[in-house]
Amino acid sequence: MNQMTSVEKTVSTEANKITAEGVQVYYGDTHAIKDVNVQIEDKTVTAFIGPSGCGKSTFLRCLNRMNDTIDICRVEGQILLDGENIYDRKVDPVQLRAKVGMVFQKPNPFPKSIYDNVAYGPRIHGLARNKAELDEIVEKALRRGAIWNEVKDRLHAPGTGLSGGQQQRLCIARAVATEPEVLLMDEPCSALDPIATAQVEELIDELRQNYSVVIVTHSMQQAARVSQKTAFFHLGNLVEFGETGQIFTNPTDPRTESYITGRIG
Amino acid sequence: MPVSWLILILAALTLGGYIAGRARARASVQGDVRRLHSLPSYYGYNVALFALVPALAVLALWLLAQPMLIDARVSGMIPDTLIPEGSNQSLVMSDVRRVADGLELAVSSGAMSADEVAALDADATDIRARLGEMGVALGSDVRPEVLEAAQAYRAMSSTGTLWMTGVVLVLALAGLAWSYSRTHSEFRARNVVERGVLTLLILAASIAILTTVGIVLSMLFETINFFSLHDWKDFFLGATWAPNFRGDSELSILPLLWGTLYISLIALIVAVPIGLFAAIYLSEYASKPVRAFAKPLLEILAGIPTIVYGLFALLTVGPLLVDIFGRGEEGLLGLNWMSGATSVLTAGVVMGIMLIPFVSSLSDDIINSVPQSMRDGSLGLGATKSETVRQVVMPAALPGIVGAILLAASRAIGETMIVVMGAGAIAKFSLNPLESMTTITTRIVSQLTGDTDFASPETLVAFALGLTLFVLTLGLNILALYIVRKYREQYE
């Protein structure tokens with residue numbers, strides 16, 4: 001732990017987008033996340049890896065308070081977004097989620113047209129003054145989602161009619177359309193074939209220009225390919241956090257090494 | 001031998017067959033049941049099935065066919081001259097049957113011996129009086145031809161019954177013996193029983209379907225009778241419902257249909273928003289304990305018999321509405337718009353209350369079947385709960401909810417008790433919901449209760465009304481099912 005903190009100190013504090021301090025999560029009587037401290041930098045892809053049930057998705061969902069929708073879930077500790085505790089009373093979780101967007105494991109386009117899917121967030125938050133501006137936002141989001149060329153001629157076709165990979169990129173475009181500052185991705189490629197996965201990974205790399213991206217993944221190759229920072233979770237503990245290259249080539253903790261080499265997990 | 005004895009014997013044979021079959025199966029492997037193809041009880045079931053099913057089937061068919069065959073043969077014996085004016089053959093035949101039954105009773109109760117009955121002579125004995133002593137009332141004196149026919153009827157039915165008993169018993173024993181002889185360790189009794197079960201299930205399903213077809217056909221025939229007595233143009237296109245028994249009734253469905261649809265519309269206006277909002281609360285907002293408590297409570301409403309709703313309409317809602325909209329200066333609003341407790345509004349409101357659990361329970365299921373990922377997606381974009389419900393969950397659930405509403409509408413249209421008690425009996429076209437009106441179902445009730453003559457259009461119109469109602473609700477149900485099914489495909 002000490003060694004890890006010393007690594008952290010080299011990162012300038014201005015670049016930290018999210019700082020989690022002493023986060024504990026309980027599901028009823030189960031202690032799902034145990035005392036996690038982590039710094040997520042701006043304009044960086046951070047990957048959370050670890051075996052199933054290790055708490056990485058749970059922790060991800062803490063970052064935009066999606067766990068609030070689960071009755072029995074209880075979160076302790078501090079999560080600072082730009083220095084402000086998101087679990088503070090005066091923070092409106094609804095506003096927070098507009099700033100911290102989320103892409104889910106399974107593509108979940110709404111049963112609406114492609115256009116309406118992307119325009120959903122901007123409409124709710126009143127981001128456009130008129131139709132032309134909304135059109136512009138939708139186009140920009142779809143371009144960022146790297147799907148504009150495929151759907152520009154059928155914006156009013158239902159979003160559910162797209163292929164799996166296209167649906168997931170549509171969901172990314174939908175999340176991007178509300179201009180979030182952080183984008184959380186919960187195993188975004190687990191329901192996709194290798195080609196669609198490659199497209200989404202390429203997209204994640206482009207998104208890094210503008211956003212801080214946090215991605216949960218089961219594929220260590222994916223983590224190695226897309227992320228700059230990697231956090232390894234095991235049994236609710238954050239075991240190791242550091243530069244991706246260092247985690248994969250020279251892990252300090254024996255558990256990390258066992259997982260990466262395939263001995264636990 | 002009476003049929004009940006026959007059935008008892010069959011039951012005994014079945015039970016015996018079961019025990020014997022099982023025992024033989026065990027014996028064929030010297031008690032080592034592992035060497036049997038099937039469990040021992042399957043061999044028992046197999047023998048029992050073969051003893052019972054063919055015999056029972058023949059018994060049922062025989063009981064249906066015998067009276068028809070005998071009737072056909074005996075009615076040929078009655079000369080046309082015997083049929084009085086204004087009567088017909090079936091009336092004479094029922095006389096024949098009564099005499100035959102009376103004689104049978106006389107023999108079995110010991111009032112007459114069999115020889116005495118056989119030697120009866122219609123001219124010498126007063127058969128009417130003698131049968132009257134035993135409680136068999138006849139409408140007229142027994143004529144020789146009738147007595148002759150009755151004797152023939154009696155003879156034929158007693159030989160028929162004798163044959164039936166014989167055939168059924170032989171069949172049961174043969175089935176038992178054959179299946180018993182097949183019982184050995186290699187025999188696949190389990191598969192045979194499985195096929196038997198399958199046949200039973202198919203039979204049950206086809207009985208349900210055939211009954212529906214039968215109901216529709218019986219309505220259809222009576223409706224055709226009605227239209228041969230009454231002009232169809234008056235029924236479908238007339239403007240007045242005024243049945244009388246002078247023979248010049250105006251029987252138009254339109255005023256009744258108007259009343260039905262108007263009341264159903266009010267019921268839906270009450271039930272749909274309340275039911276839908278209740279469903280949204282229960283499925284999206286309520287915590288688990290509240291839901292576990294409130295949902296069954298709401299569904300209790302669905303278990304209340306409609307006659308109780310009718311009482312509620314008549315005794316509570318009706319007078320309450322009169323207090324509000326009627327009674328002039330004494331009323332709550334000082335209006336005098338409503339005079340009686342029965343009105344379209346009374347029936348509509350109460351029917352709406354009846355439909356609330358129907359709408360809410362169906363909508364709740366449909367809202368719950370919208371995947372959680374849709375909600376997560378919307379909440380993850382920073383939408384509030386009600387925005388999510390309004391813009392994502394509802395549009396996704398809408399086809400199913402429309403289906404639920406159509407099902408509720410078809411229930412409202414077919415509802416009887418509430419409208420009988422709450423809506424009144426005046427058939428008219430009016431837009432005023434405070435007036436009493438009447439519906440198709442209440443008119444069916446009133447046309448078929450009391451003294452009815454099934455040859456007059458005033459009675460037969462009930463069947464035409466019923467069939468129209470059936471077609472209407474069937475159409476709505478099919479539409480609703482089609483919509484619901486189409487929606488279901490989206491998430492699978």
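Here are the numbers for the structure shown:
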read-out	value
Test result for B:Ser283, of a type in the set (S, T, N, Q), modelled with pLDDT of 85 or more and either touching a His at 6+ places or on another chain (Cβ under 9 Å) or closer than 30 Å to B:Ser436 by Cβ (or both)	no
Selected residue [assigned to a helix (DSSP H, G or I), touching a helix residue (DSSP H, G or I) at 6+ places or on another chain (Cβ under 8 Å) and either under 30 Å from B:Ile353 (Cα atoms) or modelled with pLDDT under 90 (or both)] from B:Phe236, B:Phe277	B:Phe236
Evaluation of A:Ile70 against (1) surrounded by 18 or more Cβ atoms within 10 Å (Cβ to Cβ); (2) in contact with a strand residue (DSSP E or B) (Cβ under 8 Å, 6 or more places away or on another chain); (3) closer than 20 Å to B:Val392 by Cβ; (4) within 14 Å of another protein chain (Cβ to nearest Cβ) (one fails), failing number	(1)
Qualifying residue in the stretch A:161-177 (condition: closer than 25 Å to B:Thr384 by Cα, surrounded by 21 or more Cβ atoms within 10 Å (Cβ to Cβ) and among the basic types (Lys, Arg))	yes
Pick from the stretch B:168-214, criterion outside any helix (DSSP H, G or I) and not aromatic (Phe, Trp, Tyr), ranking: nearest to B:Trp5 (Cα to Cα)	B:Thr183
Output for the stretch A:204-238, where each listed residue is assigned to a strand (DSSP E or B) and crowded, with 21+ Cβ neighbours inside 10 Å	A:Ser212, A:Val213, A:Val214, A:Ile215, A:Val216, A:Lys229, A:Thr230, A:Ala231, A:Phe232, A:Phe233, A:His234, A:Leu238
Candidate set from the stretch B:220-241 (those that are among the aliphatic types (A, V, I, L, M) and in contact (Cβ under 8 Å) with a residue 60 or more places away in the chain); member that is farthest from B:Val461 (Cα to Cα)	B:Ala239
Enumeration of residues in the stretch A:84-104 that are farther than 19 Å from A:Gln168 by Cα and either in contact (Cβ under 8 Å) with a residue 60 or more places away in the chain or of a type in the set (Ser, Thr, Tyr) (or both)	A:Tyr87, A:Lys99
Any helices (runs of 4 or more DSSP H) falling wholly within the stretch B:320-431 and containing at least 2 residues that are away from every other protein chain (no Cβ under 14 Å)	B:344-368, B:394-414, B:417-422
Filter result for the condition that a residue is in contact (Cβ under 8 Å) with a residue 12 or more places away in the chain and over 19 Å from B:Leu407 (Cα atoms), over B:Leu297, B:Leu311	B:Leu311
Selected residue (only one of A:Pro107, A:Pro122 is more than 18 Å from the chain's Cα centre (by Cα), crowded, with 20+ Cβ neighbours inside 10 Å and either in contact (Cβ under 8 Å) with a residue 40 or more places away in the chain or within 13 Å of another protein chain (Cβ to nearest Cβ) (or both))	A:Pro122
Subset of the stretch A:183-203 that is in a helix (DSSP H, G or I) and in contact (Cβ under 8 Å) with a residue 40 or more places away in the chain - its residue that is farthest from the chain's Cα centre (by Cα)	A:Gln199
Enumeration of residues in the stretch A:81-104 that are of a type in the set (A, V, I, L, M, F, W, C) and facing chain B (nearest Cβ under 7 Å)	A:Val94, A:Ala98, A:Met102, A:Phe104
Selection status of A:Pro158, within 12 Å of another protein chain (Cβ to nearest Cβ) and either on the phi > 0 side of the Ramachandran plot or in contact with a Lys or Arg (Cβ under 6 Å, 6 or more places away or on another chain) (or both)	no
Of all residues making up the stretch B:25-42, the number that are over 30 Å from B:Val3 (Cβ atoms) and in contact (Cβ under 8 Å) with a residue 12 or more places away in the chain	11
Top-ranked residue of the stretch B:286-310 - restricted to ones that are within 14 Å of another protein chain (Cβ to nearest Cβ) and in a loop (DSSP other than H, G, I, E, B), ranked as modelled with the highest pLDDT	B:Ala286
Any hit, the stretch B:241-255, residues being buried (at least 18 other Cβ atoms within 10 Å of the Cβ), of a type in the set (A, V, I, L, M, F, W, C) and at pLDDT 90 or above	no
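Quick grid of which residues meet (1) touching a Lys or Arg at 6+ places or on another chain (Cβ under 6 Å); (2) modelled with pLDDT of 85 or more; (3) outside the structural domain of B:Leu91 (by TED's automatic domain parsing); (4) closer than 30 Å to B:Arg24 by Cα:
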| site | (1), (2), (3), (4) |
| --- | --- |
| B:Glu148 | no, no, no, no |
| B:Met156 | no, yes, no, no |
| B:Trp163 | no, yes, no, no |
| B:Ala177 | no, yes, no, yes |
| B:Arg182 | no, yes, no, yes |
| B:Glu194 | no, yes, yes, yes |
| B:Leu200 | no, yes, yes, yes |
| B:Ala208 | no, yes, yes, no |
| B:Phe227 | no, yes, yes, no |
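The values are calculated or read from the model by the stated rules, or taken from the named source; none is laboratory data. Because the structure is predicted, anything quoted here is derived from the model rather than measured. Counting neighbours? That spans all protein chains shown, and the Cβs are built from the backbone with ideal geometry, glycine included.
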